Amino acid sequence: MAGPPGGSPAGTDGALRAVVADGVGTIVIDRPAKRNAMSAAMWRALPGVLDELAADPDVRVAVLTGADGNFCAGADIAELADIHRDDDSHLATVAERALAAFPKPSLAAIEGYCVGGGCQLAAACDLRFASDGARFGIPPAKLGIVYPADATARLVGLVGPSAAKYLLYSADLVGAGHALRVGLVDEVVPAGGLAERVAGFTATLASRSLLTQRATKDIVDAVVASGPVAEKARRWLDEMAASGEADEGIAAFLERRDPAFRWTNPTR
């Protein structure tokens, strides 16, 4: 399938454009006039777009990126009263939780500004690749806003408490090199090379076993949350035995051919 499975409506509020091609579902944050700052309507739309990509068997990997050279400049300041509610109804937190729970591999492809809510979205992805000109910042200290608890916990999990405090205390912008050094991003790519690198890497991910990737995500998340790791691992071993994925992978290895993995149950 190729084309948009869904998204928010275009207009003054911006849009989320979703396109599926070659096993990759790409969500584009499209509001270039405001450096892709997320309106309330866009925050509300993101969980539904993710649900559609999760249910699409043609989608093996999701990429979140921004239009016209910027990832996302955060939440629209003019709509903060609507976006910044208590943690359970906080529009950005609801969207972040949906992105973190997406049952297939997810990758943020970051150029330009990745600020505030943009960092929140990037951190909720499994992986983050950035252009060497990308700039990162978390500005609530400039606004007197308390950063959401979920987002703070996720940030600490990525970069550790000291680096998280540096970003949150100062609200300063940092470069891609700093972000890589503290663990906020996984790879930095020379200018002009991000799209090619992301396309190559996601093609690799799309060729691998989704069962292995889904089990890995579930078990790693349980490790981070100090959850029931052994119980989850046992369930996934049972799923592996029933799926035939390992039989296919081993047979392909012995026959020196590419495996044809067929497991497509991301909602288990």
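The values are calculated or read from the model by the stated rules, or taken from the named source; none is laboratory data. All values reported here derive from a predicted model rather than from experimental measurement. Because the Cβ atoms are built from the backbone with ideal geometry, glycine has one as well, and the counts that use them run over all protein chains shown.
Below is a table of values for the structure above.
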read-out: Residue count, region 103-151 (criterion: within 18 Å of A78 (Cα to Cα), assigned to a helix (DSSP H, G or I) and not hydrophobic (A, V, I, L, M, F, W, C)); value: 4
read-out: Residue check, A222 part of a helix (DSSP H, G or I), surrounded by 14 or more Cβ atoms within 10 Å (Cβ to Cβ), out of contact with any strand residue (DSSP E or B) (no Cβ under 7 Å at 6 or more places or on another chain) and modelled with pLDDT under 95; value: yes
read-out: Filter result for L158 (surrounded by 13 or more Cβ atoms within 10 Å (Cβ to Cβ), touching a residue at least 12 places away in the same chain (Cβ under 8 Å), in the same structural domain as A109 (by TED's automatic domain parsing) and not in a loop (DSSP other than H, G, I, E, B)); value: yes
read-out: Long-range neighbours under 6 Å by Cβ, at least six apart or interchain, first residue under 23 Å from P105 (Cα atoms) within region 246-264, second hydrophobic (A, V, I, L, M, F, W, C); value: A246/M240; P259/A252; W263/L210; W263/L211
read-out: Inter-residue pairs, beta-carbon under 7 Å, first within 21 Å of C119 (Cα to Cα) and in region 186-197, second surrounded by 11 or more Cβ atoms within 10 Å (Cβ to Cβ) and polar (S, T, N, Q), 6+ apart; value: V189/S131; A191/S131; L194/S131
read-out: Criterion: in contact with a Ser or Thr (Cβ under 8 Å, 6 or more places away or on another chain), of a type in the set (A, V, I, L, M, F, W, C) and more than 19 Å from V24 (Cα to Cα) - qualifying residue of V189, V220, V229, V224; value: V189
read-out: Number of positions in region 213-241 that are of a type in the set (V, I, T) and either in contact (Cβ under 8 Å) with a residue 60 or more places away in the chain or in the same structural domain as A164 (by TED's automatic domain parsing) (or both); value: 1
read-out: Counted residues, region 174-196 - those being assigned to a helix (DSSP H, G or I) and either at pLDDT below 95 or buried (at least 16 other Cβ atoms within 10 Å of the Cβ) (or both); value: 6
read-out: Where V20 falls short, out of the listed (1) at pLDDT 95 or above; (2) surrounded by 24 or more Cβ atoms within 10 Å (Cβ to Cβ); value: (2)
read-out: Any hit, region 35-54, residues being free of Cβ contacts under 8 Å to residues at least 40 places away in the same chain and under 10 Å from the mean Cα position of the chain (by Cα); value: no
read-out: Test result for I250, modelled with pLDDT of 95 or more, assigned to a helix (DSSP H, G or I), of a type in the set (A, V, I, L, M) and loosely packed, with under 14 Cβ neighbours inside 10 Å; value: yes
read-out: Residue list for region 63-75, filter: closer than 30 Å to L210 by Cβ, without any contact (Cβ under 8 Å) to a residue 60 or more places away in the chain and of a type in the set (A, V, I, L, M, F, W, C); value: A67, C72
read-out: So A164, is it of a type outside the set (D, E, K, R), part of a helix (DSSP H, G or I) and loosely packed, with under 15 Cβ neighbours inside 10 Å; value: no
